[in-house]
1. I'm a student and want to see the number: the projected area of the Cα convex hull of region 40-95, averaged over all directions, in nm².
2. Over the Cα atoms of region 2-43, what Rg and Dmax result, in angstrom?
3. The list [x] 38, 26, 21; [y] 71, 29, 19; [z] 44, 35, 31 gives values of Cα extents along the principal axes in Å, and only one came from this structure; which label was calculated from it?
4. For an R0 of 25 angstrom, estimate the FRET efficiency from the Cβ-Cβ distance between ILE82 and GLN53 and round to the nearest 0.05.
5. What distance in nm separates the two pseudo spin-label positions at ALA36 and THR5, each 7 Å out from Cα along the beta-carbon direction?
6. List the lysines whose alpha-carbon lies under 30 Å from that of LYS14, not counting same-chain residues fewer than 8 positions away?
7. Could you give the longest part of the chain that holds none of the trypsin sites (Lys or Arg not before Pro) found in DSSP loops with at most 13 neighbouring Cβ atoms within 10 Å?
Amino acid sequence: MYKLTTNDSIIRIKDKASIPADPANSDYAEYLEWVADGNTATAADAIPDPTYQENRVAEYPPVADYLDGIAKADDLQVQKYIDDCLVVKAKYPKE
């Protein structure tokens, strides 16, 4: 059994192998035979939307900025880091 992806490749279910749509590829030729025998590939699972945690992680400022502010005893730098984190938290609230 196979699944079709949106980028012109096929996923073989039994081993989750990605097979490019290339007629020179023996796995792809096997897929074409499978389809010729009357089988139909199903659509691949949709990629889920990122969670609020994944969105936050992608946008948080580097923790090195915070640590640098602590090491230099720079309260303004530390507060800027905290404020930047709060902006991201407000943008991506807990679900």
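Please treat every number below as a calculation from the coordinates, not as lab data. All values reported here derive from a predicted model rather than from experimental measurement. Virtual Cβ from ideal backbone geometry, glycine too; neighbours counted across all protein chains shown.
1. Mean shadow area of the hull around the Cα atoms is 5.0 nm².
2. My reading of the Cα-based Rg and Dmax gives 9.3, 24 Å.
3. Looking at Cα extents along the principal axes in Å for this model, the match is [y].
4. Numbers: r = 19 Å, r/R0 = 0.74.
After rounding to 0.05, the efficiency reads 0.85.
5. Going by the 7 Å Cα→Cβ label model, 2.5 nm.
6. The reachable lysines, counting only those whose Cα sits under 30 Å from LYS14, are LYS3.
7. Numbers: sites that count: LYS14, LYS16, LYS72, LYS94.
After excluding every exposed loop site, the longest remaining stretch is 17-71.
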